[in-house]
Structures are given as C-alpha cells and as structure tokens.
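What follows is a single structure, written as structure tokens, with notes after it.
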Amino acid sequence: MIRFGTVGTGFITEAFIKGAHKSGAMELTALYSRDEEKAQQFLHSMGLKVPVFTSLEEMASSQLIDAAYIASPNAMHSPQAKVFLTHGKHVLVEKAAASNKKELQEVLDLAEKNHLVFMEAMKSLTMPAYVLLKELLPEIGQVRKYIGNYCQYSSRYDRHKAGEFVNTFQKEFSNGSLLDIGIYPLYIAVDLFGKPEKISAQATILPEGGVDGSGSILLSYNDMEAVILHSKISHSYLPSEIQGEKGSILIDRIGSPTELTLIRRSGEKEVFRPETFEEDMAYEALEFSETIRRGASFSPVNNKALALTVHEIMDEARNQIGLVYPRDLI
C-alpha cells in the first residue's frame, strides 16, 4: 500500500483521494495546506482524519508518506515536485505538470537521479475506454484525421468576468485553456500518432489575466492531420473523432472517456461501454502505484518522451499565440 499526502484541497483532490482509495493501492496519510482550518474542514467533509501539515518541507520529510499527489495551481507544480523528490518521495502531479518543457525536464531528471517515480496525472490514458480505443484503431484502417475536442465553460469564468481575482484565469499561475484542458486531447494525439511535422496555433487571449480563454492547434503529419479544439469560455457537446479510410471512432469525453462508437464506412455502428469505476481517477492511481512497484522512474503509459513532446508542443503553441508565463522568464 502506497501512503500518500496531498497538496491542495479542491474538488480534484477530493476526486483523487476517492479514486486512490477505490484502487486499493494507495492510502491517504497526510495533507498539506497553508490554511489548517480549511484543511480540517476538507477532511471532515470526506469523513477522514489524517495529520495536516502547513509546511511543505515538513510533510515532504515526514516518514508518514511514500508519495505526494500535487493539485496546486500549475505554476507551483514543478517547484513543489522538486521539494518532494529531493526528500525521497514519489510524485504524481496534476496536469500541466510544469509551466514549460524546461521545468518538466528538470523534474524528470531529478526523479531519475533519485530513482523515484514522477508522473503527470493524465487519467484518460489509463482508463478502460482508452485502452480499448487502441485495440479498435486498426478497424478504421489508415487514419487520416483526428479531432480532439475539449471545450468546457469554466464554472469560474463568470466570477472572472465580474472582476474577481480567479487564479484559473491568471498567467502568474501558468493557467489558461491549453494547459488546463487542451492538454487532454493533445496528449492523445501525441500518444497515438507521435510528434507532428508542423504545428499551427491560434487562441483568444483574455485581456484581464492575460491567458488563453480558448484556442486551437493544427498538428500536421505526413499522412494525416490532427486538430485540437479547447476552450474554457464556451461549451461543446460534440464528441472527439478519429477518422480512418474504413470508418471512424467517436469518443464521448476526451478527458475521461467511457463510451466509444465505431462507425464503419458501410454505416454499421457498434457502441462500446467498457466497465469503468465511477471513481475514475483510480486508474491513474493504479498506474502510479504499479510504476513504483516495478522500480521504474516513469510509467510506460505516460512515459518521459511522451510528456516532453506534449510540453514542447504547448511551448511552441504559446510562442505562436504570444502567451508568456512569468515562470518562462526564470
């Protein structure tokens, strides 16, 4: 059983704790928050009781944990990961795992040097429907087009428009549509089709906060193209799609897929709904814990080369749209 501590007390942390416990491979044994009262309220709401740390260094050096799950704002991911890795703890960090490729490379190198696991929490790659997608892909023949669509109106956008300071829309926190949600369809594109020959990016930059509210990336390959659509200021009800010469596969939700629809060119249709835990973050918890058990530094599912390529593409996309984070200048 992997004993872990969390950094963050938001809804995503709650979802991960539930998923980790559902996996049967991980157990919450500590929690970090700058606000102890808020942390205690969070634990009480979940019916849990574990030690609360208000010092990151103290939790990182504690013998209570083997690993850390980091769900703080993006800009803090790399610096906080380094603290845990330096103290001999494995790290699972929410996407985006770093503000840029340079930061990610530093963290990956530190993990490898210290013989520890570092993994970006890209749960979609570990879910049953995605595993099945890879098995079904030959059914549609030569792939010619991939449309990865993740456009979800942010629950915090109205507060931002009202003038409230919301870190989700502030470039000081290395946030924005691409790093927050566009990373999901981008990861799948790179995992399935590799590094593109060329990329072209566009975005709508929000004047207040300075981040991308929405955007698109065209990935050009020798024999196909992939289009990444992402937005936090509009909502789409369309699935993602992989088009081949013999048919297409529709993916219901690219960030957490549970249903696939295979449509052959003849019009024949098959729907697949593999059994999936409601606590779907259990799958990434299992992959993380299994990687620790194997004694490797990186998961074969979300491997080092894949993560670096994704972050390299995001860096280039941000360069094209003119979005520079403060951490890019360090």
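The values are calculated or read from the model by the stated rules, or taken from the named source; none is laboratory data. Just so it is clear, the structure is predicted and the values come from calculations on it, not from any experiment. Every residue, glycine among them, receives a Cβ derived from its backbone with ideal geometry; neighbour counts consider all protein chains shown. All accessible areas refer to the heavy atoms of the entire protein, side chains included, with ligands and DNA or RNA removed. Shrake-Rupley method; radii C 1.70, N 1.55, O 1.52, S 1.80 Å.
Applying the set (1) more than 25 Å from residue 146 (Cα to Cα); (2) touching a strand residue (DSSP E or B) at 6+ places or on another chain (Cβ under 8 Å) to residue 317 leaves exactly one unmet item: (1).
For the stretch 250-270, filtered to residues that are in contact (Cβ under 8 Å) with a residue 60 or more places away in the chain and of a type in the set (Val, Ile, Thr), the residue that is nearest to residue 188 (Cα to Cα) is 254. Would you check if residue 54 is of a type in the set (S, T, N, Q), farther than 23 Å from residue 166 by Cα, in contact with a Lys or Arg (Cβ under 9 Å, 6 or more places away or on another chain) and in contact (Cβ under 8 Å) with a residue 12 or more places away in the chain? Spelling it out, it is not the case that residue 54 is of a type in the set (S, T, N, Q), farther than 23 Å from residue 166 by Cα, in contact with a Lys or Arg (Cβ under 9 Å, 6 or more places away or on another chain) and in contact (Cβ under 8 Å) with a residue 12 or more places away in the chain. The residue list 210, 194 contains one member that is surrounded by fewer than 20 Cβ atoms within 10 Å (Cβ to Cβ), in contact with an Asp or Glu (Cβ under 9 Å, 6 or more places away or on another chain) and at positive phi, which is 210. Residues in the stretch 236-255 that are out of contact with any strand residue (DSSP E or B) (no Cβ under 6 Å at 6 or more places or on another chain) and surrounded by fewer than 16 Cβ atoms within 10 Å (Cβ to Cβ) were compared, and the one that is nearest to residue 170 (Cα to Cα) is 237. Among the residues making up the stretch 263-314, those that are in contact with a Gly (Cβ under 7 Å, 6 or more places away or on another chain) and surrounded by fewer than 21 Cβ atoms within 10 Å (Cβ to Cβ) are 263, 264, 265, 279. If I ask for residues that are assigned to a loop (DSSP other than H, G, I, E, B), of a type outside the set (Phe, Trp, Tyr) and farther than 28 Å from residue 219 by Cα, which ones from the stretch 268-315 would you list? 268, 273, 274, 275, 276, 278, 279, 280, 281, 295, 296, 297 - these are the residues of the stretch 268-315 that are assigned to a loop (DSSP other than H, G, I, E, B), of a type outside the set (Phe, Trp, Tyr) and farther than 28 Å from residue 219 by Cα. Of the residues making up the stretch 121-136, those that are in contact with a strand residue (DSSP E or B) (Cβ under 7 Å, 6 or more places away or on another chain) and open to solvent by 10 Å² or more (accessible area, probe 1.4 Å) are 132, 136.
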